[in-house]
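Below: the structure, in C-alpha cells.
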Amino acid sequence: MPLNSQPVTRFPLARSRWTPWLLGPFGAGRPVAEIDARTLTIGMGVVGGGRIPVDLISGVGTMRWPWWGGVGVRIAQGLTAFAARSGPAVLLDLSAPVSVRAPLPWKTRRVAVVVEDIEGFTQAVVDARGGDIHRLADRD
C-alpha cells in the first residue's frame, strides 16, 4: 500500500435487470460508492457523481427510493439520490451543502444512496465517522 493511502471500501449500487440498458450508454453500467476515512465517492459515469467529505456527514438512516423516482442522479424529495433502481436506500444528512453532479453541478444537504448492502454501507459510514454520528429515523 502506498504511503498516505487509506483503505477504500467499495459498495456497488443496487441494480435491476434494466440498469445496463438505462444507464450503461452513459458510462454508468456498474455504479459504485467508495468510502475511506476521509471521503465518500459515488460514481455513475457521465450521469453524475459526488465526493462528500466524511466529516460533513452528520446523520445516517434509511429510506425507500420509490420506483417513480427514476434512476440515475435524481433531485427530489429535498435530496439528491444516487439510484440505479428503486428500493431500500441509505439516507445521509450533511452538516453543510456539498456540490454533486446531477449531471450538472448541484448543491445538496441530503443524499440517498441505493446500495446492494444497506447494513454494510451504513456501518462503513458510522465507522468512518468514528461512531460520532446521529442515527436518523427510518423513512418509508
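The numbers here are math on the coordinates, done by the rules we state, and not lab data. Please read all numbers here as calculations on a predicted model, not as lab measurements.
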Only helical DSSP H runs with n ≥ 4 go in: add -39500 (n - 2.57) per run for the chain, normalise by residue count and round the 222 nm mean residue ellipticity to 500 deg cm²/dmol. -3000 deg cm²/dmol
Select one label from (i) 55, 31, 22; (ii) 38, 38, 27; (iii) 70, 24, 24: the one whose number is Cα extents along the principal axes in Å as derived from the coordinates shown. (ii)
